[in-house]
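Let me begin by presenting the structure, written as structure tokens, before commenting on it.
The values are calculated or read from the model by the stated rules, or taken from the named source; none is laboratory data. Since the model is a prediction, treat every value here as computed from it, not as a measurement. With ligands, DNA and RNA removed, areas are computed over all heavy atoms of the protein, side chains included. Shrake-Rupley method; radii C 1.70, N 1.55, O 1.52, S 1.80 Å.
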Amino acid sequence: MLPPEALPPSLDDFDAPTTEVEPPSGPAPAVTEDETPKSELDGLFAELAKVTSDEEARPLVSRIQRIWSRSGSATVDLLMMRAAAAMQAKDYPLALDLLDVTVRLAPEFPEAWNRRATVNYLREDFGRSMVDIERVLALEPRHWGAMSGLGIILRRIGRDDEALETFRQVLKIHPVSENARKAVEDMEKAAAGSPI
């Protein structure tokens with residue numbers, strides 16, 4: 001249960017944009033598993049784990065997010081773009097309807113579950129958001145955006161120890177995540193009895 005003074009959820013809670021209507025250079029082409037081997041992602045994540053600045057991380061994060069955004073289906077891509085537009089318009093019921101269809105059409109596409117988790121978070125349906133996040137992490141355990149979302153929810157519902165551990169896990173994957181770093185610092189200060 002949230003305290004009365006808790007601010008309503010906002011997209012500003014997240015590091016990465018989750019409502020991009022279209023990737024910067026246009027829609028991602030449909031790809032097959034052979035065109036984006038798992039080893040490419042493994043290599044990008046290995047590089048990301050070693051970065052020490054946002055400047056170093058930015059191209060890696062962008063490349064990983066582009067790979068994650070490839071559903072391989074024109075229909076799913078269109079639904080995702082329409083859901084993103086609905087989110088930007090704060091029409092969360094429409095976004096949720098579109099994403100419900102998307103996850104039925106593409107149950108193995110982590111980004112659809114992640115987007116739906118975000119909409120559920122914005123609607124303050126934290127239980128459903130956490131269920132969707134579990135699905136994202138089952139499909140892609142290194143999804144720092146979903147992990148950060150989980151940390152945010154755990155923190156909002158007062159499960160600070162679990163939130164702190166979750167944000168520490170984010171920093172192992174994405175060491176310069178500003179939101180995760182700040183959350184860890186704030187919670188460590190609070191745990192030590194210092195004012196935030």
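Projected area of the stretch 88-196, taken from the Cα convex hull and averaged over every viewing direction, in nm²? Spell out each step's value before the answer.
Values: hull surface 28.7 nm².
If you wrap the Cα atoms of the stretch 88-196 in a convex hull and average its projections, you get 7.2 nm².
Share of the stretch 95-153's accessible area from carbon and sulfur, percent, 1.4 Å?
Details: 1180 of 2220 Å².
Here it works out to 53 percent.
So what are the ³J(HN,Hα) numbers for the stretch 122-128, from phi and the Karplus equation (6.51, -1.76, 1.60; θ = phi - 60°), rounded to whole Hz, Gly and Pro as x?
Values, residue by residue: 4, 7, 6, 9, 5, x, 5 Hz.
Taking the alpha-carbon distance from LYS182 and a cut-off under 25 Å, which lysines remain once sequence neighbours fewer than 8 residues away in the same chain are dropped?
Within reach: LYS50, LYS172.
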